[in-house]
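Novice: Structure incoming, see below.
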Amino acid sequence: MSNGVLLFAFNNSRIDYVKQAIYCAKRIKTHLNLPVQLVTDAIDYIESAYPFYKQYIDVLTYQPAPVGSPKTFHDGIYNKTQSEWKNSARSDAYVISVFEKTLVIDTDLLLFNDKLLSCFNTNEDFMIAKHHELVNLNGINFDRVGDKTIPMYWATILYFTKSNTAKTVFDLVAHIKENYNYYRTVYDIPESKFRNDFAFSIAVHMMSGFEYSTEWPLQLNSDMWVSTDKDVLLDITDTTVKLLAHKSYDYLPVKLTDATVHVMNKFSLNSFIDKEFKNE
């Protein structure tokens, strides 16, 4: 297949990422009309729990789950829990994709338009999301990898072709992952957990001659909104999403239309998907 979307989903003890992936694929079919490849270790689970998945997933690929790291997951302001974060398989995307041109997105990305289709009509070998807007404005800064270091790109949305340039990017990300403690020190990253956003940002910085460039990589046309896990998802339609945005010790109601929204509160997202899948 020439063009398609690649998803990764590895469940932990509290969060069903496979369920998110199927719902994400459903929205991909609605707004992008592209084939979807899902990479997961939960083949038996998806076939028993979600037998309707074949309506939305075209290629199901087995891969063992990556080693997880402890993470605190919030469900709004007042609730939180600890579980494993199995989030380090993104560097395998180049090798595992069955497509010539691949769009990689997180399973918690909600699509409400077809803007991402534009990447397939470019001559670029690698593109990544950078520009974003925060749903809440609580002083969180996602602009840089560290307070005084390089600009941050969002591995939430990637595009690549089967090319030497893209292969070099992913090989470099794999190298950074294997030597993450070293690169954490060099790039003054306070967070100890491996994060795809940071690894791809470092790889882009290195491949740009250790300088910031506006010419490469080009940013994806996504207009991405970021909703942190202290926000609460209320409702989703084909065109809009309603949320309660975390604001100090309270919430602010927000409605977004025709957007691309990264929903980090996995619990409220999964609760909504449960209601959606009752009729499947």
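Novice: Could you name the aspartates and glutamates in cross-link range of residue 80, using Cα to Cα under 19 Å and dropping any fewer than eight places away on the same chain?
Specialist: Reachable aspartates and glutamates: 16, 108, 191, 229, 231, 250.
Novice: Could you tell me the distance between the Cα centroids of the range 237-280 and the range 7-83, to the nearest Å?
Specialist: Here the two parts' Cα centres lie 17 Å apart.
Novice: Suppose the chain between residue 114 and residue 257 were pulled fully straight at 0.36 nm per residue; how much longer would it get relative to their current alpha carbon spacing?
Specialist: Values: separation 143, 0.36 × 143 = 51.48 nm, distance 1.30 nm.
Net length gain for the segment: 50.2 nm.
Novice: Determine the dipole magnitude for the range 43-166: charges of +1 sit on the beta-carbon of Lys and Arg, -1 on that of Asp and Glu, nothing else is charged, the reference point is the Cα centre, and the result goes in debye to the nearest 20.
Specialist: Working: 11 positive and 15 negative charges, 54 e Å.
Approximately 260 debye in magnitude.
Novice: Separate question: Less than 28 Å apart at the alpha-carbon level, and either on another chain or at least 8 residues along: which lysines does that give for residue 101?
Specialist: 19, 26, 29, 54, 86, 115, 130, 162, 167, 177
Novice: Arranged by the count of other C-beta atoms within 10 angstrom, fewest first, what order do 131, 31 take? Mind showing how you got there, number by number?
Specialist: Values: 131 12, 31 19.
Placing the least packed residue first, the sequence is 131, 31.
Novice: Only Lys, Arg, Asp and Glu count, each charged at its Cβ (+1, +1, -1, -1), so figure out the dipole size of the chain about its Cα centre, rounded to 20 debye.
Specialist: 300
Novice: Evaluate the relative contact order of the chain (contact order divided by residue number), counting alpha-carbon pairs under 8 angstrom at least 6 apart; express in whole percent.
Specialist: Numbers: 545 pairs, mean separation 60.3, N = 280.
So the answer I get is 22 percent.
Novice: While we're on this one: Helix-only mean residue ellipticity at 222 nm, the chain, DSSP H runs n ≥ 4 weighted -39,500 (n - 2.57), per residue, nearest 500. What is it?
Specialist: Mean residue ellipticity, 222 nm, calculated: -7500 deg cm²/dmol.
Novice: Considering the dipole of the range 71-184 built from charges on the beta carbon (Lys and Arg +1, Asp and Glu -1) around the Cα centre, which of 104, 156, 83 is farthest to its positive end?
Specialist: The residue sitting most towards the positive pole is 83.
Each reported figure results from applying straightforward, stated rules to the coordinates on display, with no laboratory input. Keep in mind that this is a model prediction, so the values were computed, not measured. Cβ: placed from backbone, ideal geometry, glycine included. Neighbour counts: every protein chain shown.
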